[in-house]
Structures are given as C-alpha cells and as structure tokens.
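Student: Okay, here's the structure, questions in a sec.
The values are calculated or read from the model by the stated rules, or taken from the named source; none is laboratory data. No experiment lies behind these values; they were computed from the predicted model shown. Don't worry about glycine lacking a Cβ; one is built from the backbone with ideal geometry, like all the others, and counts go over all protein chains shown.
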Amino acid sequence: MKEEPPCLQAGECQYERVRQQMQAISTALGGKLKDDPLWVLNRLVTVHPLGGCPMGRTIAEGVVNSYGEVFNYPGLYIADGSVMPGPVGANPSLTIAALSDRTADSIIAGYQQHTYQITSFCPTSS
Ligand SMILES: Cc1cc2nc3c(=O)[nH]c(=O)nc-3n(C[C@H](O)[C@H](O)[C@H](O)COP(=O)(O)OP(=O)(O)OC[C@H]3O[C@@H](n4cnc5c(N)ncnc54)[C@H](O)[C@@H]3O)c2cc1C
C-alpha cells in the first residue's frame, strides 16, 4: 500500500487529493479542469473563518496556548473559532464548542487553584 506523505496541514492535503481526483475525472471525460481562481492566493479559503488568533506551542507559533490563554497576558482568554489553527475539514461549530468548553474548564481550574487574582471591572461607587 502506498504510504501517504506526511501532512501538517491536513486541510490542504485533502484539497490536493480532491483536486487530483477531479483532474483524473476531467481527463477521463475529455474535459479540462478549471482550478479555483483563488488558488493563486496559495491559501485555503473556507466559509468557516478560523485561525485569526491561532493556538501554538510558543508565541512564535500562535497567539494563545492550547487552553486559549493569550501568550504574555495571563488571565486573558480567547474561546472561539479564531483559536483553531486552521481548517478542520468538517463543519467546525461542535469542535469550536468543545474547545471553548475545555478552555472554560481550564479557567475555572485556574481560579480554583488561585492562579489568578479576581479583578472587578465594575467601577466602584463613590
Ligand atoms: C451560513 C453559515 C452556515 C453554517 N453552517 C454550519 C454548519 O452547518 N455546521 C457547522 O459546524 N458550522 C457551520 N457554520 C460555521 C459556524 O457557524 C462557525 O464556524 C461558528 O459559529 C464560529 O463560532 P465562533 O464562536 O468562532 O464565532 P461566532 O459564532 O460568529 O460568534 C462570534 C460572536 O461574537 C460577537 N461579536 C462580534 N464582534 C463583537 C464585538 N466587537 N463585541 C462583542 N461581540 C462581538 C458576534 O455577535 C457573535 O455572537 C456556518 C456558518 C455560516 C455563516
């Protein structure tokens, strides 16, 4: 069995496999495959915007860590689709919800361990 190439960007790999299959079908039918004109951007385009503040192992790789906490801003969390590092292939809303739930658990655990000081953002009445 042919070994698949390592693929760090799974979504891109899937697109390329689909494109190759469409090329084979077009050739078999005597047609000509027209690529998506947006391929010139060399980026995956999705109707599910993700990755605006991606997670990473270090600040060089991303905006937040794997628990949604912004690097160098302890206690500041992002918990939405923007923390996903890129397209996941399938529709993402349940994955986003699960990831946000995990981040919420991490925030609660952090407070329970007194990792952070709770700060009131409400103006004090004078
Ligand atoms: C037409 C359509 C169909 C889709 N169908 C599916 C599907 O079938 N299955 C699936 O899994 N996914 C689907 N998606 C994708 C899914 O809806 C999104 O990926 C998901 O909702 C993203 O979640 P989010 O929390 O990152 O952002 P959002 O759900 O967009 O939440 C962002 C929130 O932030 C609020 N906001 C924005 N700016 C500010 C601001 N300045 N201040 C305060 N609040 C602000 C917005 O009002 C909004 O409530 C679909 C998307 C679209 C557009």
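Student: Quick check on my filter: what residues within region 67-85 are more than 12 Å from the ligand (Cβ to nearest atom) and closer than 22 Å to Glu12 by Cα?
Tutor: Matches in region 67-85: Pro85 only.
Student: Of all residues in region 40-61, how many are modelled with pLDDT of 80 or more and more than 16 Å from the ligand (Cβ to nearest atom)?
Tutor: 6
Student: Assess whether Val88 counts as being in contact with a strand residue (DSSP E or B) (Cβ under 7 Å, 6 or more places away or on another chain) and within 16 Å of the ligand (Cβ to nearest atom).
Tutor: No; evaluated as a whole, the condition is false for this residue.
Student: Return the residues of region 75-103 that are modelled with pLDDT of 90 or more, among the β-branched types (Val, Ile, Thr) and not in a helix (DSSP H, G or I); say none if nothing qualifies.
Tutor: Ile78
Here's the yes/no breakdown for (1) away from the ligand (no atom under 16 Å from the Cβ); (2) at pLDDT 90 or above; (3) assigned to a helix (DSSP H, G or I); (4) surrounded by 12 or more Cβ atoms within 10 Å (Cβ to Cβ):
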position	(1), (2), (3), (4)
Gly11	no, no, yes, yes
Tyr15	yes, no, yes, yes
Leu38	yes, no, yes, no
Asp105	yes, yes, yes, no
Gly110	yes, no, yes, yes
